[in-house]
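To keep things clear, I will list the structure first and then write my remarks on it.
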Amino acid sequence: MRFRAAIENVNTFCRIIQAIEKLQKKCIIKFSEEVMCIICNSEANEGGIQVWSQIKVDSLFTSYRIQSNASNVITMALSSEALLATLKSASTSSKSAYETEEIVMKLAKKNDQAVLSFEISGVTRQGRKVRVAHDVKIEVMKPTQVAELKEPMCPEPDVHIILPPLQKLRPIVERLRPMSDFLAVRANNNGRLQLSIRTDTVNVDTEWKNCKNTSKASTASQEQEPDEPRDPDELFSVLVSTKSFFKFLNSHVVSTTTIACICRNHCMILYVYVGDLADAGGVLTFYIPGQLVDE
Amino acid sequence: MAQNEDESEEANLPPVLKASVHDVRYFATLLRGVNFVNRATVTIARSGFIVVVEEARTLLGTAYIFAHVFDEYTYNSETATAPQDSQNSDPDEEDNVAFEIPLNTLIECLNIFGTAGSIGAVTGSSTGTYKKWKRSGDGSDQEGDDDDGHGRRTSSGTGGTRGIENYFGNASDKGTGMRMSYAGSGCPLTLLIAEDAAGPTTTCEITTYEPEPHLQLPFESERMVLKIILKSSWLRDALSELDPSCDKLTFIGNPPPAANGRQQPRTAGGTPMLRIQAVGTLGSTEMDYPNDRDVLETFECTRPVSFSYRFGHISRTLRALQSSTKTSLRIDDEGLLSLQFLMPSPTKIAADSQAFIEFRCLALDDELE
């Protein structure tokens with residue numbers, strides 16, 4: 001089993017892990033020849049939010065080499081906190097004491113412990129060369145364990161809509177979070193999106209009217225159900241945990257475009273694109289299960 | 001909006017209250033000044049409305065929010081039942097409407113876009129965010145309000161009829177516009193909030209409750225023994241100096257020395273005119289104010305007084321004090337403290353109708369003889 005890559009785009013990698021780390025302290029990363037998949041599927045996760053992301057190897061790494069008996073796929077479980085700390089120290093910020101020139105990530109074994117070893121070489125402000133090494137403990141997963149990882153099954157979504165910038169959504173949900181545990185997300189195929197809460201003391205509805213629906217969705221549904229023309233103004237609603245939705249909004253650090261899909265009364269799927277939609281380096285897919293609450 | 005639950009005859013009535021404002025920050029600042037207990041009693045009258053909050057049957061906070069705080073303010077008395085004359089009901093009968101409301105929820109709703117003032121709206125923050133009050137900038141948040149208000153006034157001209165687009169259409173400044181309506185007893189308080197015409201709109205329906213009788217602390221001016229008017233910053237600096245762990249705060253006032261010569265007679269260790277004394281487990285602090293017109297604009301004291309208050313109660317006033325310009329401090333012969341804070345308005349209005357926040361607090365019993 002061999003794995004070695006130079007991290008080209010450490011800031012993006014760092015932001016992705018930052019979004020993941022807020023969600024779950026441990027995550028699974030599956031490296032294959034073309035893509036890196038980051039998976040959060042822990043049952044312990046409150047609200048049952050899951051992340052299945054696919055990041056193109058080219059958008060983050062260079063001189064990427066991978067070899068394994070499991071058709072060149074390596075899957076590992078590791079602490080997202082530790083990985084984030086490592087990437088933070090490597091990312092170029094004004095605070096860091098040295099400027100990073102090269103980061104090499106490789107699989108290694110130290111004292112019988114599998115680690116993902118990061119070697120950072122940089123230059124201090126005084127012009128001296130420095131080398132910093134971080135080892136993140138990992139647990140390499142067996143192919144049988146990997147086979148058990150299943151992406152959640154969802155019906156064909158009722159509506160696909162492009163969300164407003166997540167930085168705009170975040171303060172609103174932040175206000176709603178202390179008021180209600182559950183948040184209803186509603187959208188139609190005519191650019192309308194609503195976030196609303198209902199409690200004994202207050203009802204709050206926030207509505208956007210000029211969101212874009214993605215065309216992909218409408219054609220797909222038309223092909224499948226051609227004899228059932230849908231009213232574009234019909235709102236599809238799903239009730240999710242406010243906390244889970246807020247956790248998803250932590251991905252605002254990495255997002256450019258986010259598409260939300262609603263499977264009515266079932267779940268919500270959110271595609272957070274890393275980089276431009278046209279030339280996306282990858283996508284983080286969040287699954288937020290719907291909540292059933294007796295009204 | 002919220003009238004569909006009502007009987008059909010009531011549905012024809014105009015809402016009891018309709019108010020709108022293009023920038024909610026001033027309104028939110030006034031509400032935050034009394035946001036130390038979640039349940040507030042709101043009394044709506046023709047001239048504006050009054051928000052009352054009480055704590056521990058000892059402290060009463062009241063915000064007087066006059067109609068001119070809003071761009072539009074219409075009050076239709078609920079008792080004017082006949083639909084035909086409801087539009088201009090008898091102005092002589094000033095009957096008010098009162099309800100209770102979760103104040104913190106109202107403030108959070110106003111701040112839904114995070115653009116209704118940056119002072120963190122945290123309840124019970126008397127000690128937690130204490131350091132925030134010690135900012136060097138003299139209430140920088142409020143100054144921001146001022147600039148914004150003037151800028152908009154000059155650009156859009158004064159007064160005139162402006163549609164809702166104008167309230168919501170200012171994309172350049174990040175103010176939050178609001179429309180508020182209250183259909184009548186049993187109905188929710190409905191808020192329509194938007195940042196700008198292009199952005200999202202939020203509709204909030206806040207449940208209102210039957211008002212409970214609250215504490216009455218009438219302050220009779222005949223019984224007043226101490227009256228001080230001073231710049232709020234002088235009081236704020238003094239109170240923010242104090243350690244939050246203090247448990248008792250005493251105001252000591254003495255009649256000024258005979259009016260001959262300003263300062264010379266009393267400098268030599270005489271009795272102070274105004275002293276603030278705080279006692280806590282870690283020690284005590286005393287602060288004396290000089291007899292200087294620049295500091296104490298008004299000072300009236302009929303006899304030596306010394307009354308103590310729970311510091312926890314006094315510190316509840318700090319948020320209002322922080323955003324106010326002038327303070328009036330009065331104490332009556334039983335120690336009832338009245339603190340009035342003049343809240344600077346972002347727009348130029350007559351000084352006598354400026355919004356203000358008043359706190360009344362009972363003295364600690366052990367000081368009464």
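Coordinate-derived values only; no laboratory data. What you are looking at is a predicted structure, and each value in this text was computed from that prediction instead of being measured. For neighbour counting, all protein chains shown are included, and Cβ atoms are generated from backbone atoms with ideal geometry for every residue, glycine included.
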Inset, instruction - Using θ = phi - 60° and the Karplus relation 6.51 cos²θ - 1.76 cosθ + 1.60, list the HN-Hα couplings for region A:262-268 in order, rounded to whole Hz, with x at every Gly or Pro. - result: 10, 9, 3, 6, 10, 6, 10
Inset, instruction - Enter the mean number of other protein chain beta carbons within 10 Å of the beta carbon of each residue in A:196-203, as an integer. - result: 5
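Given the Cα-Cα distance of B:VAL279 and B:ALA56 and 0.36 nm per residue of separation, how much length would full extension add, in nm? Write out the running numbers ahead of the final one.
Details: separation 223, 0.36 × 223 = 80.28 nm, distance 2.09 nm.
Stretched out fully, the B:VAL279 to B:ALA56 stretch lengthens by 78.2 nm.
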Inset, instruction - Report ³J(HN,Hα) in whole Hz for each residue of region B:175-188, in order, from the Karplus equation J = 6.51 cos²θ - 1.76 cosθ + 1.60 where θ = phi - 60°; Gly and Pro get x. - result: x, 9, x, 8, 10, 10, 9, 9, 7, x, 3, x, 9, x
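If chain A were replaced by its equivalent ellipsoid, with semi-axes equal to the square roots of 5 times the Cα gyration tensor eigenvalues, what would those be, largest first, whole Å? List each step's numbers first, then the result.
Values: eigenvalues 284, 90, 67 Å².
For chain A, the semi-axes come out at 38, 21, 18 Å.
What number comes out for the charge environment of A:ASP135, summing +1 per Lys or Arg and -1 per Asp or Glu over other residues with Cβ under 12 Å away?
Details: positive: A:LYS106, A:LYS109, A:LYS110, A:LYS137; negative: A:GLU119.
Taking every other residue near A:ASP135 into account, the sum is +3.
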Legend entry - Residues B:GLU212, B:GLU54 arranged by fewest to most Cβ contacts within 10 Å: B:GLU212, B:GLU54
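Can you give the helix-only mean residue ellipticity at 222 nm for chain A, where every DSSP H stretch with n ≥ 4 adds -39500 (n - 2.57) and the sum goes over all residues, rounded to the nearest 500 deg cm²/dmol?
On the way: 7 runs with 64 residues, N = 295.
Helix contribution divided over all residues of chain A: -6000 deg cm²/dmol.
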Inset, instruction - Provide the gained length on full extension for the span A:SER71 to A:ASN210, in nm with one decimal, where the gain is 0.36 nm per separating residue minus the Cα-Cα distance. - result: 45.4 nm
Inset, instruction - Give the long-range amide H neighbours of B:GLY48: residues separated by 5 or more places, or on another chain, with amide H under 5 Å away, using H modelled in the peptide plane at 1.01 Å from N. - result: B:ALA67
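Give the average, rounded to an integer, of partner chain Cβ atoms located within 10 angstrom of each Cβ in B:104-112. Don't jump to the answer; show the numbers that get you there.
On the way: counts 3, 7, 1, 1, 7, 5, 1, 3, 8.
Shielding by partners across B:104-112 averages 4.
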Inset, instruction - Mind scanning B:LYS18/B:LYS326; A:LYS56/A:LYS88; A:LYS56/A:LYS106; A:LYS22/A:LYS168; A:LYS88/A:LYS142; B:LYS227/B:LYS248 and naming the pairs with a C-alpha gap bigger than 24 Å? - result: B:LYS18/B:LYS326; A:LYS88/A:LYS142
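Shape call for region A:159-289 from the C-alpha gyration tensor, a ≥ b ≥ c root eigenvalues: rounded (a/c under 1.5), prolate (a/b greater than b/c) or oblate? Don't jump to the answer; show the numbers that get you there.
Values: a/c = 1.94, a/b = 1.19, b/c = 1.63.
Oblate.
Over the whole of B:210-222, what's the average partner chain Cβ count within 10 Å per residue? Rounded to a whole number, please. If you can, show how the numbers build up before the last one.
Working: counts 0, 0, 0, 0, 0, 0, 0, 0, 0, 0, 0, 0, 0.
Partner-chain Cβ atoms within 10 Å, mean over residues of B:210-222: 0.
Highest mean first, what order results for B:295-305, B:63-73, B:238-248 on Cβ atoms within 10 Å?
Working: B:295-305: 15.1, B:63-73: 20.2, B:238-248: 16.6.
Most protected by this proxy first, the peptides run B:63-73, B:238-248, B:295-305.
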Inset, instruction - Under 11 Å from the Cβ of B:ASP333, count the other residues' Cβ atoms, weight Lys and Arg +1, Asp and Glu -1, and hand me the total. - result: -2
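How long are the three semi-axes of the equivalent ellipsoid for region B:221-367, computed from the Cα gyration tensor as the root of 5 times each eigenvalue, in whole Å, largest first? Don't skip to the answer; put the middle values down first.
Working: eigenvalues 104, 85, 47 Å².
Semi-axis lengths for region B:221-367 are 23, 21, 15 Å.
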